[in-house]
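Report on the following structure.
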């Protein structure tokens, strides 16, 4: 479980394909990671394989590659990093599982006053989970739904702090990002579907 509050930005330093999947080495400032712990990497929960002073490796299997943008990552790519939530930690964002629900495409990026507006074209199945001023995680960052300007489009309003402390400042038209809908919304949707199914029997 994560909060969507990015702790630091890492950089891909090496990539290789092994029996464990696509192995990614990430340079970062973490010094006390342990093998087996979970780290949200651009919002995808991955397991630490090996680690050293200022680096660690994770692996993405075929299932993960098929649901994320990880297969297209290259050396030098910047990544949002967050270690798993500990009991007693402050919950400043929202509950994020690190389970990517879909990949959205950036339709537009523009500055409006002191905020940067980003419009995302959502994949099928996600628009109905978006609620005005509700929570959403984009590339692992806990954000608020700013607007729903058109069918299937989610608008974000990014503040200066977020731009300076995450990779969202890099976004441009055509870029693809990980989206995780609010966990509570997904459970409510599931319960409603089950209720309708039972009533139709």
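Going by the alpha-carbon gyration tensor, a ≥ b ≥ c the square roots of its eigenvalues, is segment 77-201 rounded (a/c under 1.5) or, if a/c is not under 1.5, prolate (a/b greater than b/c) versus oblate?
Working: a/c = 2.09, a/b = 1.37, b/c = 1.52.
Taking the square roots of the gyration eigenvalues as a ≥ b ≥ c, segment 77-201 is oblate.
Compare 188, 100, 58 in a GNM of the chain, Cα atoms joined below 10 Å, and give the one with the largest fluctuation.
188
Once you put a point 7 Å from the Cα of residue 31 and another 7 Å from the Cα of residue 1, both along the Cβ direction, what distance in nm separates them?
Taking the two extended label points, one gets 2.9 nm.
Using the Kirkwood radius over Cα pairs, work out the Stokes-Einstein diffusion coefficient for segment 1-115 at 10 °C and 1.306 mPa s, in µm²/s as a whole number. Kindly include the intermediate steps, with their values, before the conclusion.
On the way: Rh = 15.1 Å.
Calculated translational D: 105 µm²/s.
Can you give the FRET efficiency to the nearest 0.05 for residue 18 and residue 169, using r as the Cβ-Cβ distance and R₀ = 30 Å? Could you put the intermediate results ahead of the total?
Numbers: r = 32 Å, r/R0 = 1.08.
Between residue 18 and residue 169 the formula returns 0.40.
No value in this document is a laboratory result; all are computed from the given coordinates. Keep in mind that what you see is a predicted model, and the values were worked out from it rather than measured. FYI the Cβ positions are ideal-geometry reconstructions off the backbone, even for glycines, and counts take in every protein chain you see.
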